[in-house]
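The values are calculated or read from the model by the stated rules, or taken from the named source; none is laboratory data. Predicted, not measured: the structure shown is a model, and the values here were computed from it. All Cβ positions, even for glycine, are placed from backbone atoms using ideal geometry, and neighbour counts span all protein chains on display.
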Ligand code: PLP
């Protein structure tokens, strides 16, 4: 007899379910972090379409090795760290998108004897679930000054103080760029300090690289934090996702890059975890990314398409700010100061609920996915938010 108490639903997917079951023709979703075009539709990048044509029906559906496709991993490393970086200490394993990479990384930390892992407050909700699921304790470090969301700045003094308070051998998850949910990233100088403290304290660092290209519009500029870690002598892990920047959400394609003088042993340990969990990774998504990154023409197309997605989001940020300033008579500058796919609007939970009554959906924290905003729904979103904050 299976007997269990009810399991709480994941908040992001629960919100999506509420949205889907809302019969209102006026409903708008700013919940889930997936890119939509200016008509509100999911996008298949044209470089991905071309890659699919090249792969065609000839694609062999054989098992990949446990570590994944070697050529895909080589191209993924190049993209992650930037051309010309010294990658002699780097070994990689393919993962089930960003989530699967975090899973392998956290299980590895557990194997290394790590007891506790910290992520930013706030962060992507799954960081906590993944950490606990790997048998680790979970805690948070300061990120934003949550008392003043209308001037979203990193509370850097307390962030550093929290890192200083961690014990040798504890783990820390840092988002490489386009921080979810706040849209606020550390500056170059702040990254340098973070790298220094992580090294001095002997922390296990996991860089969560889910939005490369979405923060600035340029994949190479967005790898700044990763390159800062690479130029230190630290061991660290980078979990890359190709869900957002290739629009391959459902293909589950990603990679973990291990930087260490013992990177081969580390990847071997991760291969053992992978083998005992899902055996080997799916092939089609990595074939697509490999085909795009391996062709100079398709790669150029991809870089310009990522730039276009990112600049559509930036133009929506400006439009939201202007509309809300017009409607409320107060400053919404924080919306354009933030970067990446998300905006932490600063709305209280009560204001979020008022929006939901009007069929405009965002997370309880007030986070909207700016990618869900377009010229067709902008007016209504801003009208509803404007009324909710009155
Ligand atoms: N990390 C962060 C910060 C995210 O926001 C997400 C997705 O929303 C992921 C990792 C993992 O995404 P995926 O498993 O779809 O690659």
Could you please let me know if residue 221 is at pLDDT 95 or above and either within 16 Å of the ligand (Cβ to nearest atom) or within 26 Å of residue 9 (Cα to Cα) (or both)? no
Flag for residue 205 being away from the ligand (no atom under 13 Å from the Cβ), under 17 Å from the mean Cα position of the chain (by Cα) and modelled with pLDDT of 95 or more: yes
All but one of (1) within 16 Å of the ligand (Cβ to nearest atom); (2) farther than 24 Å from residue 342 by Cα; (3) surrounded by fewer than 23 Cβ atoms within 10 Å (Cβ to Cβ) hold for residue 141; which doesn't? (2)
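Conditions tested, residue by residue: (1) under 27 Å from residue 34 (Cβ atoms); (2) out of contact with any helix residue (DSSP H, G or I) (no Cβ under 9 Å at 6 or more places or on another chain).
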| residue | (1), (2) |
| --- | --- |
| 228 | no, no |
| 232 | no, no |
| 258 | no, no |
| 280 | yes, no |
| 283 | yes, yes |
| 317 | yes, no |
Flag if residue 150 is surrounded by fewer than 18 Cβ atoms within 10 Å (Cβ to Cβ), under 17 Å from the mean Cα position of the chain (by Cα) and either within 16 Å of the ligand (Cβ to nearest atom) or part of a loop (DSSP other than H, G, I, E, B) (or both): no
Selection from region 153-192 of residues that are surrounded by fewer than 17 Cβ atoms within 10 Å (Cβ to Cβ) and part of a helix (DSSP H, G or I): 157, 158, 161, 164, 188, 189, 190, 192
Kindly indicate whether residue 341 is touching a residue at least 40 places away in the same chain (Cβ under 8 Å), touching a strand residue (DSSP E or B) at 6+ places or on another chain (Cβ under 7 Å) and closer than 17 Å to residue 362 by Cβ. yes
Mind checking which pairs have a first residue in region 1-26 that is touching a residue at least 40 places away in the same chain (Cβ under 8 Å) and within 11 Å of residue 359 (Cα to Cα) and a second that is more than 16 Å from the ligand (Cβ to nearest atom) and in a helix (DSSP H, G or I), Cβ under 7 Å, 6 or more apart or different chains? 26/380
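Matching residues to (1) more than 25 Å from the chain's Cα centre (by Cα); (2) in contact (Cβ under 8 Å) with a residue 12 or more places away in the chain:
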{"residue": "32", "(1), (2)": "no, yes"}
{"residue": "39", "(1), (2)": "no, yes"}
{"residue": "42", "(1), (2)": "no, yes"}
{"residue": "57", "(1), (2)": "yes, no"}
{"residue": "63", "(1), (2)": "yes, yes"}
{"residue": "67", "(1), (2)": "no, yes"}
{"residue": "70", "(1), (2)": "no, no"}
{"residue": "75", "(1), (2)": "no, yes"}
Matching residues, region 225-243, being modelled with pLDDT of 95 or more and farther than 20 Å from residue 119 by Cβ: 227, 230, 242
Has region 99-118 got at least one residue that is surrounded by fewer than 22 Cβ atoms within 10 Å (Cβ to Cβ), part of a helix (DSSP H, G or I), at pLDDT below 95 and more than 23 Å from the chain's Cα centre (by Cα)? no
Options 125, 40: the member that is within 14 Å of the ligand (Cβ to nearest atom), surrounded by fewer than 23 Cβ atoms within 10 Å (Cβ to Cβ), within 26 Å of residue 177 (Cα to Cα) and modelled with pLDDT under 95: 125
Evaluate the following for residue 80: is it within 16 Å of the ligand (Cβ to nearest atom), part of a helix (DSSP H, G or I), surrounded by 15 or more Cβ atoms within 10 Å (Cβ to Cβ) and modelled with pLDDT of 95 or more? yes
The correct count of residues that are surrounded by 14 or more Cβ atoms within 10 Å (Cβ to Cβ) and without any contact (Cβ under 8 Å) to a residue 12 or more places away in the chain in region 44-55 is 0
Candidates 312, 356 - the one that is within 30 Å of residue 79 (Cβ to Cβ), surrounded by fewer than 22 Cβ atoms within 10 Å (Cβ to Cβ) and in contact (Cβ under 8 Å) with a residue 60 or more places away in the chain: 312
The residue that is farthest from the ligand (Cβ to nearest atom), considering only those in region 229-250 that are buried (at least 19 other Cβ atoms within 10 Å of the Cβ) and outside any loop (DSSP other than H, G, I, E, B), is 230
